[in-house]
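What follows is a short report on a single structure.
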Amino acid sequence: METTPERSSSSLEPPNHVVALPRDTATLRSQLRDLIAILALPAVWSGRDAADIQGAVLEVLSSMLRLDLAYIRAADPAGSGPLETVRVRERPDLGSRGREIAGLLAQGTTEPDANQALVLPDPATGEPLRATRIALGLPGHTGVVIAASRRSSFPTPFERFLLQSIITQAEVALRNAALMTALHHALDCEQVSRADAEAANRAKDLLNEELERRVVERTRQLSLANQELRREIADRERAEEALRASEQRFRDYAETASDWLWETGPDNSFTRVSEELTTRGIDPASRIGGTRWDFATDVEEEPEKWRLHIATLEAHQPFRGFVYRTAGADGSVVYIATSGKPVFDADARFLGYRGVSSNVTAAIRADQAEKALHQAQAELARVTRVTTLGELAASIAHEVNQPLAAIGADANACLHWLAADRPDLDSVREALTAIVKDGERAGAVITRIRTLLARTSVAHEPCDITTAIRDVLPLIGPEIGRHGILLQTSLAPDLPQVMGDRIQLQQVLLNLLLNAAEAMREVPPVRRRMVVRATADHRDDGPWAIVAVEDAGVGFGEAAAPRLFEAFYTTKPGGLGMGLSISRSIVDSHRGRLWATANPEHGATFHLALPGMR
């Protein structure tokens, strides 16, 4: 695209650029209105930014000068680059095309006095437009305004005057806009600076508060740490004092106790024995250099015990409560219990043992005496069982005789049926089955008797108290039936198992049942009723099995109650007075209770309580 400058005719402008006045009044009025409107432009544009002012300038130019193309370019006061605005008459869609054409023309010169007439193509039709270019004089930079019209007379001197006047007002408005922009920018910067300063002051205040808070917190922590340190120092001093007191206390114990201390080397020979051993009639010096089994007198009698002890020593394991027998200076038997702990150095090398020993001769002899007593009690209990079974001899014979008689009768019937011409095999089979059952019944009676008479050691093991009761009841069945006694049982299904010796517990039950039967021999028949109850009682220390034997016999008086369980005390004419005494000792050995209570009307009730297994 090319733009052609056109030299202005000198006849169009008066000398010294004085605009010729129009000859008709209407034109003069129109021009006056335009001038007045131009004078009002600063007030209209006041407060607008540069882009709005440029648009308003083109609006005024296009309206007053009836332009087909108007273009303005000026720098943005905000510094973002030049602002370009263009208007194409009745064709807003050709704004970019008009900006391109006018922009090329605007690049021709930037001189402020480049006000020559030019020709450029119409963006819509391509027809030539007469144009004029006027420089904008702004502080620090130069802008340009281009006005173009199809009129061949454009621009007339008055139009050029108007154009120059509008441009002058635009320059003033753009300068003011630039000043306002700079002022707003300065105010904004000042506000930002003030806000930043306030934020910095607030941050400083917050930082000071945080520092003060941290100082207070750190001071508090240090104070607490100092208090804790003082407490730790006080606790350590108290602990050291307690340790010294404990050391002195144990030293006093060691010096005054009947036990003695010892040490052995890696070969298990004694290297040190305390002087307390002399109180046992043994010279400590005689033990140095020898081993424990060198002085023991039960090595050959209990080799397995000593084998296990030596294996423990060789494995460097601690041991406690090892008891062995030795001889005193006078040849008397001495039992010693010893405990030891292996000693190692910093490199884990075995150095020997350190330990303590004590004389347990009295305890061992007491234990032996207790075992002998228990054995005597067991023998006495067995004698009592034999005596009790002797009293039941008639009943037992009757109990065995019944199945034997039934066996004989069934056998004779079998022979009779087999001798017939046509043997009744079904009846024979039924009779033989009955013989087998009666034989098992008689065998069960004999088995119970042999069990009660057997000489067995006392063995505590899980025992079902219900089964024990059911095994004893058949033994007294004939005795109860012979005296017309009504027997009633109430056995709870949830009885706990007890830990005990079944034979001894059956002996207690048998004794209580026989006593109840004998107590009702002399009472009227209508009162002869015996009740055996078994219930479970759940206590704080676990479940218990409670057995009660109730009779309606002669009972006992208040004076006899405290002596019922004494040895050799009896209310029966031919009694020995040992049954209840032995029964209570058996129950005591099972950690249970045996007591008696008088019934409100007749007779007495004996109660047996045994702790159940958990």
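The values are calculated or read from the model by the stated rules, or taken from the named source; none is laboratory data. Everything numeric in this text was worked out from a predicted model, so none of it was measured. For neighbour counting, all protein chains shown are included, and Cβ atoms are generated from backbone atoms with ideal geometry for every residue, glycine included. Accessible surface areas use protein heavy atoms only, side chains included; no ligands, DNA or RNA. Shrake-Rupley method; radii C 1.70, N 1.55, O 1.52, S 1.80 Å.
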Here, strands (runs of 3 or more DSSP E) confined to region 447-523 with at least 1 residues that are of a type in the set (Gly, Ala, Ser), surrounded by fewer than 19 Cβ atoms within 10 Å (Cβ to Cβ) and modelled with pLDDT of 85 or more are 486-491
Residues of region 253-291 being in a loop (DSSP other than H, G, I, E, B), touching a helix residue (DSSP H, G or I) at 6+ places or on another chain (Cβ under 9 Å) and modelled with pLDDT under 85, in sequence order, are Ala257, Ser258, Asp259, Ser274, Ile282, Asp283
Within region 555-599, the residues that are basic (Lys, Arg), at pLDDT 75 or above and part of a loop (DSSP other than H, G, I, E, B) are Arg591
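Would you confirm, using the coordinates I've provided, whether Pro155 is part of a loop (DSSP other than H, G, I, E, B), modelled with pLDDT of 80 or more and either open to solvent by 40 Å² or more (accessible area, probe 1.4 Å) or closer than 26 Å to Ile53 by Cβ (or both)? Write out each step before concluding.
Values: part of a loop (DSSP other than H, G, I, E, B): yes; modelled with pLDDT of 80 or more: yes; either open to solvent by 40 Å² or more (accessible area, probe 1.4 Å) or closer than 26 Å to Ile53 by Cβ (or both): yes.
Yes, satisfied.
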Output for Cβ contacts, cut-off 7 Å, separation at least six or different chains, first residue over 17 Å from Arg325 (Cα atoms) and of a type in the set (Val, Ile, Thr) in region 276-297, second at pLDDT 70 or above and open to solvent by 30 Å² or more (accessible area, probe 1.4 Å), reads Ile288/Thr271
Answer yes if at least one residue in region 301-312 is in a loop (DSSP other than H, G, I, E, B) and surrounded by fewer than 17 Cβ atoms within 10 Å (Cβ to Cβ), and no otherwise.
yes
So the strands (runs of 3 or more DSSP E) completely within region 1-94 holding 1 or more residues that are at pLDDT 70 or above and aromatic (Phe, Trp, Tyr) are 69-75
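Residue by residue through region 339-356, note down the ones that are surrounded by fewer than 12 Cβ atoms within 10 Å (Cβ to Cβ) and not in a loop (DSSP other than H, G, I, E, B).
Phe344, the sole residue that qualifies.
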Only one of Arg470, Arg527, Arg521 is within 29 Å of Arg591 (Cα to Cα) and out of contact with any helix residue (DSSP H, G or I) (no Cβ under 8 Å at 6 or more places or on another chain), namely Arg470
Within region 167-189, of all residues that are open to solvent by less than 60 Å² (accessible area, probe 1.4 Å) and modelled with pLDDT of 80 or more, the one farthest from Ala124 (Cα to Cα) is Cys189
Within region 117-134, the residues that are touching a Ser or Thr at 6+ places or on another chain (Cβ under 8 Å) and open to solvent by less than 20 Å² (accessible area, probe 1.4 Å) are Ala117, Leu118, Leu120, Leu129, Ala131, Arg133
